Amino acid sequence: MGIAARLTGPLIVGPERHAEGVRRLLASFAAVPPGEPVRLAKKTSNLFRPRASSSSPGLDTTGLTRVVSVDPDARTADVQGMCTYEDLVDATLPFGLMPYVVPQLKTITLGGAVTGLGIESTSFRLGLPHESVLEMDVLTGTGEIVTARPDGTDRERALLRGFPNSYGSLGYAVRLRIALEPVARYVGLRHVRFDSLTALQEAVARIAEERIYDDEEVDFLDGVVFSADESYLCLGRRTDEPGPVSDYSGVTDKQAVFYRSIRHGGPAGSVVRDRLTIRDYL
Ligand SMILES: Cc1cc2nc3c(=O)[nH]c(=O)nc-3n(C[C@H](O)[C@H](O)[C@H](O)COP(=O)(O)OP(=O)(O)OC[C@H]3O[C@@H](n4cnc5c(N)ncnc54)[C@H](O)[C@@H]3O)c2cc1C
């Protein structure tokens, strides 16, 4: 825990600043007039459904958007509920670690993904975001903060179990301790073409079972369906082998668009290879 205790900065704030953020949240909760709805005041949202407008000020989450600490030995991070994955990944990668599941959109928050049943390309081997939550502080409707742990009281275990897919109705996650997994510097990609969705589905099932495709390991699995007879699986493998990488961030080449890069004119089963840094991949 030595490094974690020393390392504070813009992204990793330490327990005292976390406690200050919680104090601000609780003060804003106490200020909600009786009978008014309680909601999060957040700058970003990734909900599909529209929200009813509300005149109540919303809960102050401004002090709850960072990582509290990273423990590289235990491979865990304590993360504030409204920390975006972009910031979370930037805080853990210097330790050679990543969250088990990193959703595609940078502004999705850890609390939002855990309560909203997130999923991404590691989920076939590491589950959904809530499955790597080791414990969680939740602000409940009574205004108390409950720490929910798998070995806690019946009430705490029920809160932990019921939280995924509850979308804030059981309370708001204020701090989450999550498991992290080691990364390599790069992700080697294979874009495999399919001309039948049944064949693609069968390949997904086989890879989920064996974690291998054509004798090569698969650490990351996702894909794109362009039409019923043109679809691709994008298979990623962790690697430290040095070599060139592509850049789809728009910084060096505005024309380079990732989803276009995976399409190729080869027959079913043909493969195009690519490489990204781990940060760009995530
Ligand atoms: C275009 C698009 C692409 C998406 N892609 C992916 C993807 O690749 N992978 C993936 O996993 N998901 C994806 N999602 C779904 C997304 O993860 C969920 O909608 C998630 O809940 C959004 O989290 P947020 O942090 O943006 O929360 P918000 O949109 O702000 O809130 C979503 C809901 O969660 C509640 N909530 C937010 N924070 C907390 C908290 N700390 N504690 C309790 N409740 C909270 C809110 O009250 C609200 O009901 C996508 C959604 C969209 C619209």
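Bear in mind these aren't lab numbers, they're just calculated from the coordinates by the rules spelled out. These numbers were taken from a predicted model, which means no experiment stands behind them. Here the Cβ is made from the backbone with ideal geometry for all residues, glycine too, and neighbour counts use every protein chain on show.
So which residue, out of LEU170, LEU180, LEU105, gets the largest mean-square fluctuation from a GNM of the chain using Cα contacts under 10 Å as springs?
LEU105
Based on the Kirkwood radius over alpha-carbon pairs, what is the Stokes-Einstein translational diffusion coefficient of region 186-281 at 4 °C with 1.567 mPa s viscosity, in µm²/s? Before the final figure, lay out the partial values.
Values: Rh = 13.9 Å.
Reported coefficient: 93 µm²/s.
For the chain, with only Lys/Arg (+1) and Asp/Glu (-1) charged at the beta-carbon, what is the dipole magnitude about the Cα centre, in debye rounded to 20?
Values: 32 positive and 37 negative charges, 178 e Å.
In total the dipole reaches around 860 debye.
Which Cα, out of THR76, PRO33, ILE145, lies furthest along the positive dipole direction of region 2-182 (beta carbon charges, K/R +1, D/E -1)?
Working it through, the farthest residue towards the positive pole turns out to be PRO33.
Pick from HIS191, HIS264, HIS130 the residue whose mean-square fluctuation is largest in a GNM of the chain, springs joining Cα atoms under 10 Å.
Most flexible of the set in this elastic network: HIS264.
Considering the convex hull of the alpha carbon atoms of the chain, report its projected area averaged over all viewing directions, in nm², one decimal. Each step should come with its number before you reach the end.
Values: hull surface 70.1 nm².
Computing the convex hull of the Cα atoms and averaging its projections yields 17.5 nm².
Stretch ARG260-GLU217 to full length: gain in nm at 0.36 nm per residue minus the Cα-Cα span?
On the way: separation 43, 0.36 × 43 = 15.48 nm, distance 2.42 nm.
Going from the current span to full extension adds 13.1 nm.
Pull out the extension gain between ASP90 and ASN46, defined as 0.36 nm times the separation in residues minus the alpha carbon to alpha carbon distance; nm, one decimal.
Details: separation 44, 0.36 × 44 = 15.84 nm, distance 2.02 nm.
The ASP90-ASN46 span can extend by a further 13.8 nm.
Return the FRET efficiency for the residue pair GLN104, THR147: r is the Cβ-Cβ distance, R0 is 35 Å, and the value is rounded to the nearest 0.05.
Working: r = 30 Å, r/R0 = 0.86.
Step by step, r from the Cβ atoms, then E = 0.70.
Please give the length that would be gained between GLU20 and THR239 if that part of the chain were fully extended, namely 0.36 nm times their separation in residues minus their C-alpha to C-alpha distance (nm, one decimal).
Values: separation 219, 0.36 × 219 = 78.84 nm, distance 4.02 nm.
Length difference between fully extended and current span is 74.8 nm.
So for THR115, THR76, THR277, fewest C-beta neighbours within 10 Å to most, what's the order? Please list the in-between numbers first.
On the way: THR115 24, THR76 20, THR277 15.
Lowest to highest Cβ neighbour count: THR277, THR76, THR115.
Using a 10 Å Cβ count of at most 11 others and DSSP loop calls, identify the longest part of the chain lacking such trypsin sites (Lys or Arg not before Pro).
The segment 52-253 is the longest one with no such site.
Which part of region 80-102 falls in the paramagnetic zone of SER166, meaning amide N under 19 Å from the point 7 Å along Cα-to-beta-carbon?
Under 19 Å, as judged by backbone N against the label point of SER166, lie 80-83 of region 80-102.
With each label point set 7 Å from Cα along the Cα-Cβ vector, what nm distance links SER246 and ASP154?
5.5
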